[in-house]
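I have placed the structure first, in the form of structure tokens, so that the comments after it can refer back to it.
What follows draws every value from the coordinates through simple rules; no lab data is involved. Since this is a predicted model, take the numbers as computed values, not measurements. No Cβ is skipped: glycine too gets one built from the backbone with ideal geometry, and neighbour counts run over all protein chains shown.
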Amino acid sequence: MVIVGCQWGDEGKGKIVDVLAEDVDVVARYQGGANAGHTVHVGDEEFILHQIPSGILHPEKRCLLGNGVVLDLLQFFEEYDALRDRAIDLEGRVGVSHRAHLLLPYHRELDRAWEEGSAEKIGTTGRGIGPAYEEKAGRRGIRVADAVDAERFERLVTEGAERARDRIEQLGGTVGEGFDRALDESLALRGRILELAVDVGLEVEGALDDGRRILLEGAQGTALDLDHGTYPFVTSSNTTAAAAATGIGVGPTRIDSVLGIVKAYTTRVGNGPLPTGFDPEMDERMRELGGEFGATTGRPRRCGWFDAVLSRYAARVNGLTGVAVTKLDVLDTLPEISVCTGYRTPRGLVEEFPADTHGLEDVEPVLETHPGWESPTTEARSLDDLPVNARRYLDRLQELTRAPIEMVSVGTRRSQIIHVR
């Protein structure tokens, strides 16, 4: 099964992966880097994971990072060691693809220099994701496999750092303090990453042949996909389900199902259009109700009503076989709830998600209003436990998205989940 976000990221994929991981053998990440964050609650403990799949919080589950990932060496081992310090057993449970590209300190410096010098800012996290993928596409990247030869590895890293210094100076920036130390620390991790290096595609293929169950997880969301998102306000990789096969190293015929994750409303962090965005007062209210602050940067997320134009588009480009709706409980106190069914533009009504990102800035959402339920849903464990208006709201989302709802989350804990199918 592939787990994919169907909005602008932050849909709650981490919790859904955590819940489903109990019934699978392997969880593998297929794209993205440390710019994404999954927040998972286990009992009274909160875990924020950036690169290691959230399946790691279940004992004995194997967790893999595929070739489509850009691996931030320093952040990865910081996360790895922090989990171990919290008594999470990692022995033999984490593997990293030989073919995964490394994200090094100079990529972060380049990212910040580009953003600071740009007239139209993307709203990047500054984690170096764009520059790392640029070098990969430009055939100048450094892969985990390049660490096998120590001398060659050091030469490649040194050359990459010098190129980055030159480019940063051209952009009018300066390299930050601690840059050389961070570079040395990255080089010192060569041995540790090689201990975890595996052929991820081969391992997943073998697990499938043995009848084991595999969960493939992506980062960010459909509207941040490099090809299908609100370009240029996107990430630098393909976030959609088709990228799972490429980013892991298996054939597309190996994928049985695709579960799309949608929040019961819409949020976005960073720059770019949000057609259903609230006015400032409602935006602040929803942000507080939902705790809408980025897990990676802490930045406040912009909030809006559920965008069915986007969710229907996501269902199509991902080939969704099912949907999980998260944060339904955040709407519990609202007397009325709206859903966007189309966009009004100077050229008329639009009901399909357009490629013209700048045109999205000026659309007027077509909203249909539903009565709220104004009662708590956090104790519901079946659809029958939900208030009638909550059931009707979910029925309408399913109808508009054109994919069956399979799961509904009504809180942050593992137990606060409704399995529909």
Next on the checklist: In the chain, if the dipole is taken from +1 on Lys/Arg beta carbons and -1 on Asp/Glu beta carbons about the Cα centre, which of Val330, Thr239, Gly178 is farthest to the positive end?
Outcome noted: Thr239
Checklist entry - Which translational diffusion coefficient, to the nearest whole µm²/s, is obtained for the chain from the Stokes-Einstein equation, given a Kirkwood hydrodynamic radius over C-alpha pairs, 4 °C and 1.567 mPa s? => result 59 µm²/s
Item to check | Packing-based order for 217-223, 148-154, using average beta carbon neighbours within 10 Å, highest first | outcome: 217-223, 148-154
Checklist outcome for this item: What the 10 Å binned alpha carbon P(r) of region 261-419 shows, as percent of pairs per bin from 0, is 10, 39, 38, 11, 1
Checklist entry - Measuring from label point to label point, each 7 Å out along Cα→Cβ, what is the Arg254 to Thr174 span in nm? => result 4.9 nm
Item to check | Exposure proxy ranking, count of Cβ atoms within 10 Å, fewest first, for Glu406, Glu134, Glu46, Glu288 | outcome: Glu46, Glu288, Glu134, Glu406
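Using Cβ counts within 10 Å as a stand-in for footprinting exposure, how do Lys13, Lys61 rank, fewest first? If you can, show how the numbers build up before the last one.
Working: Lys13 26, Lys61 18.
Lowest count first: Lys61, Lys13.
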Checklist entry - region 300-367: which GluC sites (Glu not before Pro) are DSSP loop and have at most 14 other beta-carbon atoms within 10 angstrom? => result Glu351, Glu352, Glu361
Checklist entry - Once Lys and Arg get +1 and Asp and Glu get -1 on their Cβ, which of Phe47, Gly260, Thr321 lies farthest toward the positive end of the dipole of the chain? => result Thr321
Item to check | Within the chain, percent of DSSP bridges classed antiparallel, to nearest 5 | outcome: 45 percent
Checklist outcome for this item: Magnitude of the Cβ-charge dipole (Lys and Arg +1, Asp and Glu -1) of the chain about the Cα centre, nearest 20 debye, reported as 660 debye
Checklist entry - Could you give the nm distance between label points at Glu154 and Val420, where each point is 7 Å from its Cα heading toward the beta carbon? => result 5.8 nm
Checklist outcome for this item: Ranked from fewest to most other Cβ atoms within 10 Å of their own Cβ, Glu135, Glu205, Glu91 fall in the order Glu91, Glu205, Glu135
Checklist entry - Pairs Lys13/Lys263; Lys61/Lys263; Lys15/Lys327; Lys15/Lys136; Lys13/Lys327: which are spaced more than 19 Å apart, C-alpha to C-alpha? => result Lys61/Lys263; Lys15/Lys136
Checklist outcome for this item: One can check that the equivalent ellipsoid of region 192-311, built from the alpha-carbon gyration tensor with semi-axes equal to the square roots of five times its eigenvalues, has lengths in Å, largest first, of 34, 16, 14
Next on the checklist: Using just the Cα positions, wrap region 102-192 in a convex hull and report its mean projected area in square nanometres, one decimal place.
Outcome noted: 5.9 nm²
Checklist outcome for this item: Simple SL model, points at 7 angstrom along Cα→Cβ for Arg140 and Glu399; separation in nm is 5.4 nm
